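The values are calculated or read from the model by the stated rules, or taken from the named source; none is laboratory data. Bear in mind the structure is a predicted one, so any value in this text is a computation, not a measurement. Virtual Cβ from ideal backbone geometry, glycine too; neighbours counted across all protein chains shown. For accessibility, only protein heavy atoms count, side chains too; no ligands or nucleic acids. Shrake-Rupley method; radii C 1.70, N 1.55, O 1.52, S 1.80 Å.
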Amino acid sequence: MQRRKLFAVALAGVLATGGLAACGDSPNDNAKNAGNGDQVDFLSIGMPNGTVTENNNPFVGTSAGASLGYRWMIYEPLGQWNNTKPADPLTPWLASEIKWSPDYKTVDLVIRDNATWSDGQKLTAEDVAFTLNLVKSNEALNIFAIPFDVITVTGSNVKVTFKTSQFTTQHKVIGQIPIVPKHIWEKIADPATDTIKEPVGSGPYLLKSFSQQATILTARESGYWGDAPKVKELRYTSYADNNAQSTALATGQAEWSFVFIPNYEQTFVAKDPANYKVWAPGVLGIHGLYINTTKKPFDDPALRRAMNMVINRNDIFVQAEAGYFHPEIKSVTGLPEGAGDAYIADEYQGKTFSVDVEGAKALLAQSGYKLEGTTLKDKSGKAVTIKLSDPAPWSDYQTTLEIIKSNLAEIGIAATVEKPNQNVWDANIQKGDFEASMRWTNGGSTPFDIYQTVLDGDLYKPIGTAAQQGNFGRFQSPEATAALKAYSNATDDAARKTALATIQKIFVEQAPMLPVGSDNVGAAYSTKNWVGWPSDADSYAPAQPTQAAALQVVLRLQPAKS
């Protein structure tokens with residue numbers, strides 16, 4: 001998964017030196033100009049992704065536009081989704097009105113009449129329908145497997161029907177599909193693979209130049225439907241790795257990034273405490289220890305619950321995640337603080353994790369296990385051992401596994417840590433050839449994506465057959481699968497609440513995955529030249545520069561010296 005590239009380098013405590021090759025438009029010019037007291041008019045953005053492919057096709061996930069995030073400055077969605085407040089309705093964007101039917105099988109869109117493409121042509125409802133039909137008819141573009149049915153246009157209105165309820169995927173339909181111009185894309189042979197060098201979009205920025213040193217976007221002089229951005233130029237750089245990216249932030253060479261910074265307060269914030277900030281809000285996606293429920297004795301929910309009771313999540317948060325990157329999971333439901341609060345079932349309100357070694361020992365004894373000295377014996381008298389595995393370069397996960405290993409030893413479970421390379425690890429996870437591993441879940445606008453990744457029987461594959469979308473632990477519960485279906489197809493909040501309560505009860509009581517930390521869509525950024533960034537006080541959008549709603553952040557920025 002793309003986000004794990006952030007952890008692909010084992011980071012040293014002292015940042016390595018790094019920088020850009022000299023060029024006329026160096027992102028470091030901001031630091032020099034600001035030092036002279038001048039207000040700059042551009043923003044330097046970086047990501048630690050190494051060499052990027054020159055391609056501005058918004059549908060190609062490996063393109064420079066996707067890797068660095070600037071595709072969303074050129075192409076826009078129908079609405080903007082704020083995943084820091086997932087329960088909130090989407091903000092109308094290219095669609096000035098968005099109205100879903102009660103069963104979420106139909107959405108009526110009113111396309112704004114003042115939007116134009118960057119080549120001067122008017123953006124119309126026909127463009128929107130063309131884009132949605134393009135996704136519908138091309139499996140490679142339909143990465144969310146949206147079951148589109150009929151798409152019709154009447155004047156400036158677009159009506160879209162679906163074969164099933166889209167309650168749990170509405171944010172993907174509206175906020176994650178870039179709308180493209182029909183008059184350009186109907187001539188493109190393969191929209192899933194073709195390279196786009198000169199993008200034409202509806203957004204407020206145009207591509208000025210591309211290079212590995214700095215890809216530069218410039219604000220449109222006219223024709224943008226919204227307010228003109230105060231940031232006149234965006235300069236994107238892909239740094240070699242986390243070290244180089246972190247150094248660029250600390251020196252002011254980069255002003256905005258999403259990167260894991262170990263010891264971030266000393267290595268970044270302390271370099272300019274007044275201006276250097278880190279904001280990492282949790283969202284509805286989590287990280288945890290997947291248990292292979294086909295492996296004895298870990299097919300026993302009582303053993304898994306006992307393991308869950310001894311994991312020290314605060315130690316993991318502080319030591320493995322630098323006290324910020326993956327916010328600690330506290331609710332026993334596995335839902336992140338903030339983003340998940342509105343979805344916690346009544347039964348689990350206020351119920352949080354705490355390390356309880358003695359309680360775990362008592363549970364194991366009641367369930368037929370015996371602790372002989374420092375060794376836990378299962379019901380057959382065999383010592384309980386477990387292999388924990390994750391790729392070696394993922395330093396946060398490796399530290400997490402070592403902490404879990406120590407935690408499990410307290411109830412007599414002997415754990416070993418294996419470090420396969422990423423490709424081997426990924427294949428093993430998909431095939432079910434593992435005992436326990438840290439991994440992420442999918443995320444979305446409701447808890448559905450989290451629980452589906454862990455519990456859904458429809459994603460179940462026999463051992464040896466790749467499970468690509470989830471249920472890596474081969475968990476089988478017809479009740480959980482039925483409840484997930486009921487939740488996604490429900491037509492009212494009461495039915496959803498009932499289904500979600502059932503889902504959470506199964507997740508808590510059977511513990512197929514032990515939640516540890518939440519995902520985040522945060523950023524490290526500088527307020528030296530630009531202010532207006534999202535924060536706890538005003539979380540109007542995700543701060544991660546590769547998110548679709550990063551455009552909202554750029555449009556909110558104001559000169560610091562205005």
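Among residues of the range 434-446 that are in a loop (DSSP other than H, G, I, E, B), those with a Cβ under 9 angstrom from a residue that is of a type in the set (Asp, Glu) and open to solvent by less than 10 Å² (accessible area, probe 1.4 Å), sequence gap 6+ or separate chain, pair up as THR441/ASP449; ASN442/ASP449; GLY443/ASP449. The set of residues from the range 500-548 being assigned to a loop (DSSP other than H, G, I, E, B), under 23 Å from ASN242 (Cα atoms) and within 14 Å of the chain's Cα centre (by Cα) comprises VAL521, GLY522, PRO542, ALA543, GLN544, PRO545, THR546, GLN547, ALA548.
Each residue in the range 508-526 was checked for being of a type outside the set (Gly, Ala, Ser), touching a Pro at 6+ places or on another chain (Cβ under 7 Å) and modelled with pLDDT under 95, and 2 pass.
Considering the range 149-167, and only residues there that are under 26 Å from LEU484 (Cβ atoms) and out of contact with any strand residue (DSSP E or B) (no Cβ under 6 Å at 6 or more places or on another chain), the residue that is most open to solvent (accessible area, probe 1.4 Å) turns out to be THR164. I'm told PHE260 meets every condition in (1) modelled with pLDDT of 95 or more; (2) aromatic (Phe, Trp, Tyr); (3) part of a loop (DSSP other than H, G, I, E, B) except one. Can you identify the failing condition by its number? Every listed condition holds for PHE260 apart from (1). Part of a loop (DSSP other than H, G, I, E, B) and either in contact with a strand residue (DSSP E or B) (Cβ under 7 Å, 6 or more places away or on another chain) or open to solvent by less than 30 Å² (accessible area, probe 1.4 Å) (or both) - does that describe any residue in the range 107-114? Yes - at least one qualifying residue is present in the range 107-114.
Looking only at residues that are open to solvent by less than 50 Å² (accessible area, probe 1.4 Å) and in a strand (DSSP E or B) in the range 170-212, which one is nearest to LEU134 (Cα to Cα)? If we take residues in the range 170-212 being open to solvent by less than 50 Å² (accessible area, probe 1.4 Å) and in a strand (DSSP E or B), then ILE179 is nearest to LEU134 (Cα to Cα). For the range 215-255, the tally of residues that are among the aliphatic types (A, V, I, L, M), within 30 Å of PRO393 (Cβ to Cβ) and surrounded by fewer than 24 Cβ atoms within 10 Å (Cβ to Cβ) stands at 2. Only residues that are farther than 17 Å from LEU551 by Cα and part of a strand (DSSP E or B) were counted in the range 213-233, giving 0.
Looking across ALA87, ALA66, ALA95, one residue alone is touching a residue at least 40 places away in the same chain (Cβ under 8 Å) and more than 17 Å from the chain's Cα centre (by Cα). It is ALA95.
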